[in-house]
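Here the structure comes first, spelled out in structure tokens, and everything after it is commentary.
The values are calculated or read from the model by the stated rules, or taken from the named source; none is laboratory data. Not measured: the values here are computed from a predicted model. We place every Cβ from the backbone using ideal geometry, glycine too, and count neighbours over all the protein chains shown.
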Amino acid sequence: MKEQDKFILDIKRMGINGEGIGYYNKLAIFVKDAIPGEGADIEITKSLPNMAYGKINTIKRKSKYRVEPRCKYYLDCGACQTMHIDNKKMGEFKRDLVIESLRRYTDLNPHSFEIKPTLVMEEPWHYRNKSTLAVRRVNGQNMVAMIKEGTNTTFGVDTCLVQDEKINDVNSKLIKLSNKLNIASFGCANYSLRYISTRCSKATRETQVCLIVKEYNSEIKGFVKNILIEGICDSLYVNINNDLHTHELFGEKTIHVGGKEAIIEQIDRYKFNIYPTTFFQLNTSQTEVLYKEVLKACKLTHKETVLDAYCGVGTIATYLASFSKNVVGIEYSGDSVVAAKENLKLNKKKNITYYQGDVVKLLPKLINNGMVFDVMVFDPPRTGLGEDTINTIINSKVEKLVYVSCNHSTLAKDLAKLTEHYNIKYIQPVDMFPNTSHVECVCRLEKKSK
């Protein structure tokens with residue numbers, strides 16, 4: 001097989017990035033925007049020894065679940081991958097992705113335990129409570145910009161259908177003001193403005209902006225002054241990141257320059273202070289759905305000591321505290337731990353203790369010092385738990401585990417090791433990111449009896 005080969009392909013299943021996958025002489029072919037069940041006349045765009053990539057020329061058999069994408073940037077953007085698929089059907093495909101990861105990375109039989117239907121979001125629009133976008137000079141004007149899929153090329157956008165509408169409004173006002181003041185962004189000589197990070201609280205409708213700059217110079221100070229005069233946001237920060245080679249968004253120095261120090265978000269009846277550099281789930285509505293599933297999986301009776309590992313600003317810990325004897329949270333980010341301790345007071349919780357440090361190092365230390373957990377909850381980054389943490393879990397002999405995963409591939413890899421000592425009771429997929437191929441999972445495990 002070679003590039004520009006053309007043939008009709010039946011699409012059998014979905015890939016982890018939302019593409020359709022078909023097979024030609026047992027060779028997997030990944031086809032962007034194809035839907036399982038479709039037949040398409042495709043053209044090979046890239047051929048490798050063990051796989052190939054293709055594009056659709058003509059759809060011969062169209063899926064009844066194909067819909068017209070609502071976003072005018074959809075074909076270029078790539079931040080959303082599945083806007084051309086019916087939302088409820090996409091929930092089924094996301095469950096299939098979890099099953100496929102289990103088959104690929106484990107010896108487990110996915111039919112030996114329950115994998116529940118995905119909990120989808122009924123209205124999958126304007127759900128993101130945070131945007132972080134590059135500011136680029138396009139045709140002589142500043143614009144917030146996205147990266148064109150598969151390239152390093154940026155293009156300007158004036159709205160985003162998955163971001164909170166107030167974020168779109170704030171970003172539009174910031175860009176309009178930056179052009180009025182002729183603020184230099186990337187693409188200009190001696191530029192300072194690099195990115196704009198904007199948050200909006202679903203509960204209070206407060207907004208928080210962080211300008212990420214190469215240098216906090218007189219130009220940026222003038223920009224800040226005018227943002228405050230015009231009252232564009234409720235909380236304003238500047239972050240200085242002058243390392244032009246790093247992939248890290250934020251630099252080490254963040255300065256509060258006006259308005260409130262924190263904005264408040266609410267999940268169920270619990271309130272949380274939010275800062276620019278602290279982690280908070282991006283979909284507030286579905287976060288409440290997710291945390292109810294975590295609580296259900298924990299099966300708490302007010303007598304348990306619970307671990308919340310990778311606890312961030314303490315959202316899960318706070319949610320579980322009302323049903324536990326006590327909760328211990330571990331978080332690497334110092335800023336997040338500071339916010340978590342503030343949230344203790346905000347929610348009048350006295351049975352939560354937070355520790356700042358690396359879970360890999362700190363958890364075994366706590367256990368060796370005599371701390372015993374009845375339930376362990378883990379919500380790790382996309383890289384998963386890792387071998388050292390899994391060994392710590394196994395050695396702790398904890399009876400109940402609840403694994404919250406944003407990456408079903410690493411979840412499956414970790415389950416391959418955990419299930420040597422634990423049984424999977426069920427997995428509950430939750431759609432935290434509609435119009436994308438991402439899916440969150442809540443997995444309940446119980447220690448095997450001897």
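Only a single item in (1) more than 19 Å from residue 446 (Cα to Cα); (2) touching a Leu at 6+ places or on another chain (Cβ under 7 Å) is not met by residue 376, and it is number (1). Restricting the first member to region 146-161 and to residues that are among the acidic types (Asp, Glu), and the second to residues that are surrounded by 15 or more Cβ atoms within 10 Å (Cβ to Cβ) and not in a loop (DSSP other than H, G, I, E, B), no beta-carbon pair is closer than 6 Å while six or more apart or on different chains.
Scanning region 313-336 for residues that are within 20 Å of residue 367 (Cβ to Cβ), among the hydrophobic types (A, V, I, L, M, F, W, C) and without any contact (Cβ under 8 Å) to a residue 60 or more places away in the chain yields 317, 320, 327, 328, 330.
If you go through region 159-178 one residue at a time, do you hit one that is outside the structural domain of residue 434 (by TED's automatic domain parsing), surrounded by fewer than 17 Cβ atoms within 10 Å (Cβ to Cβ) and in contact with a strand residue (DSSP E or B) (Cβ under 7 Å, 6 or more places away or on another chain)? Please lay out each step first, then the result.
Our first condition is that a residue be outside the structural domain of residue 434 (by TED's automatic domain parsing); within region 159-178, this holds for 159-178.
Now narrow it down to the ones that are surrounded by fewer than 17 Cβ atoms within 10 Å (Cβ to Cβ): 159, 165, 169, 172-173, 176.
Going one step further and asking which of them are in contact with a strand residue (DSSP E or B) (Cβ under 7 Å, 6 or more places away or on another chain), we end up with none.
The answer is no, given that none of the residues of region 159-178 is outside the structural domain of residue 434 (by TED's automatic domain parsing), surrounded by fewer than 17 Cβ atoms within 10 Å (Cβ to Cβ) and in contact with a strand residue (DSSP E or B) (Cβ under 7 Å, 6 or more places away or on another chain).
Taking region 373-410 as the range and being over 20 Å from residue 294 (Cα atoms) and not hydroxyl-bearing (Ser, Thr, Tyr) as the test, the residues that pass are 386, 387, 388, 391, 394, 395, 397.
Assessment of region 394-401 against the conditions (farther than 20 Å from residue 361 by Cα and not in a strand (DSSP E or B)) yields at least one matching residue. Within the bounds of region 360-372, is there any residue that is surrounded by fewer than 16 Cβ atoms within 10 Å (Cβ to Cβ), of a type in the set (D, E, K, R) and outside any helix (DSSP H, G or I)? No, region 360-372 has no match at all. Can you confirm whether residue 275 is touching a residue at least 40 places away in the same chain (Cβ under 8 Å), over 27 Å from residue 386 (Cβ atoms) and out of contact with any Gly (no Cβ under 9 Å at 6 or more places or on another chain)? In short, yes. Within region 119-129, identify whether any single residue is farther than 26 Å from residue 430 by Cα and surrounded by fewer than 19 Cβ atoms within 10 Å (Cβ to Cβ), and answer yes or no. No.
Among the residues of region 315-330, the ones that are more than 17 Å from the chain's Cα centre (by Cα) and surrounded by 17 or more Cβ atoms within 10 Å (Cβ to Cβ) come to 10 in all. Of the residues examined, residue 447 is one that is over 30 Å from residue 71 (Cβ atoms), of a type in the set (Lys, Arg), touching a residue at least 40 places away in the same chain (Cβ under 8 Å) and touching an Asp or Glu at 6+ places or on another chain (Cβ under 8 Å). Checking 350, 296, 303 one by one, the residue that is part of a helix (DSSP H, G or I) and either farther than 22 Å from residue 280 by Cα or out of contact with any Lys or Arg (no Cβ under 7 Å at 6 or more places or on another chain) (or both) is 296 and no other.
Residues that are touching a residue at least 12 places away in the same chain (Cβ under 8 Å), closer than 30 Å to residue 292 by Cβ, in contact with a helix residue (DSSP H, G or I) (Cβ under 6 Å, 6 or more places away or on another chain) and in a loop (DSSP other than H, G, I, E, B) occur at least once in region 258-269. Residues in region 37-53: is at least one at pLDDT below 95 and buried (at least 19 other Cβ atoms within 10 Å of the Cβ)? No, that holds for no residue. Looking at this structure, is residue 425 assigned to a helix (DSSP H, G or I) and of a type outside the set (S, T, N, Q)? Criteria not met by residue 425.
In region 4-17, the residues that are free of Cβ contacts under 8 Å to residues at least 60 places away in the same chain reach residues that are part of a loop (DSSP other than H, G, I, E, B) and surrounded by fewer than 18 Cβ atoms within 10 Å (Cβ to Cβ) with C-beta atoms within less than 7 angstrom, at least six apart or across chains, in these pairs: 11/37. For region 202-225, the count of residues that are at pLDDT below 95 and in a strand (DSSP E or B) is zero. Residue pairs whose Cβ atoms lie under 8 Å apart, sitting 6 or more positions apart in sequence or on different chains, and linking a residue in region 387-411 that is assigned by TED's automatic domain parsing to the domain that holds residue 316 to a partner that is surrounded by fewer than 24 Cβ atoms within 10 Å (Cβ to Cβ) and among the hydroxyl-bearing types (Ser, Thr, Tyr), are 401/422; 407/383; 408/101; 409/101; 409/105; 410/383; 411/101. Among the residues of region 428-450, those identified as crowded, with 19+ Cβ neighbours inside 10 Å and assigned to a loop (DSSP other than H, G, I, E, B) are 431, 432, 433, 434, 435, 436, 437, 438, 439.
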